[in-house]
Amino acid sequence: MVKQNIILIGMPGAGKSTLGVLLAKECAKGFVDTDVLIQVEQGKTLQEILDQQGYIALREIEEQVLLSHQFSNHVIATGGSAVYSEAGMQHLKTDGIAVFLHVGIDQLRRRISNYETRGIAKRPDQSFDELFIERQQLYLKYADIAVDCDNDSPAQLVIKILQKVEASNL
């Protein structure tokens, strides 16, 4: 059975939301951004959740949101911390292929100017470099496909992602 969903995983700033919309348009799928689902369901921004409840609470809320939705024929842009939830990722992957959007740390630094206020679920004392190293292992653990996103335009990346998804036979 061919999996119906494309699940985008990767660091904040990797382009999951941007590429997700473009992919959904290109292959006539629905689009959902799980960070937006969290914010709508909680009535707060991710940063407000972090400020009021802490990063562990945000990760727990994220897991509950992932587990409480069933998507079919969608492109799913996950929050950068979705990979901390084994249950959430396994749930998503039951009918989805996980695509790791790999962006090098230097490129991410250029893209993210608001590291401290962006709503990133990290330890308060955790540097961007430490977070990057910690999460790379998790992205690779769950990825069915990895795509290098450092040097291509969004349009080129959509083509590259779709070619790899088709070739994967998942």
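Our coupling estimate for segment 131-142, obtained by passing each phi through the Karplus curve with A = 6.51, B = -1.76, C = 1.60 and θ = phi - 60°, is 5, 4, 4, 4, 6, 4, 4, 5, 4, 5, 4, 9 Hz, Gly and Pro reported as x. Our coupling estimate for segment 148-164, obtained by passing each phi through the Karplus curve with A = 6.51, B = -1.76, C = 1.60 and θ = phi - 60°, is 6, 10, 5, 10, 9, 6, x, 4, 5, 5, 4, 4, 4, 5, 5, 5, 5 Hz, Gly and Pro reported as x. When the chain is treated as a GNM with alpha-carbon contacts under 10 Å, the residue of ALA24, ALA82, ALA57 showing the greatest mean-square fluctuation is ALA57. The sum of -39500 (n - 2.57) across all DSSP H runs of n ≥ 4, divided by the residue count of the chain, sets its helix-only mean residue ellipticity at 222 nm to -15000 deg cm²/dmol.
Shape summary: segment 5-127 maps onto an equivalent ellipsoid whose semi-axes, from the alpha-carbon gyration tensor, are 22, 18, 13 Å in decreasing order. Among MET89, MET11, a tally of other beta-carbon atoms within 10 Å of each Cβ gives an order, fewest to most, of MET89, MET11. Around the Cα centre of segment 46-153, unit charges on the Cβ atoms of Lys, Arg, Asp and Glu (plus for the first two, minus for the last two) sum to a dipole of about 60 debye.
Scoring 119-127, 141-149, 96-104 by mean Cβ neighbours within 10 Å over their residues and listing the highest first yields 96-104, 141-149, 119-127.
We did not get these values from a lab; they are worked out from the coordinates using the rules stated. Worth saying up front: this structure is predicted, and the values here are computed from it rather than measured. A quick note on method: Cβ atoms are made from the backbone with ideal geometry, for glycine too, and the neighbour counts reach across all protein chains shown.
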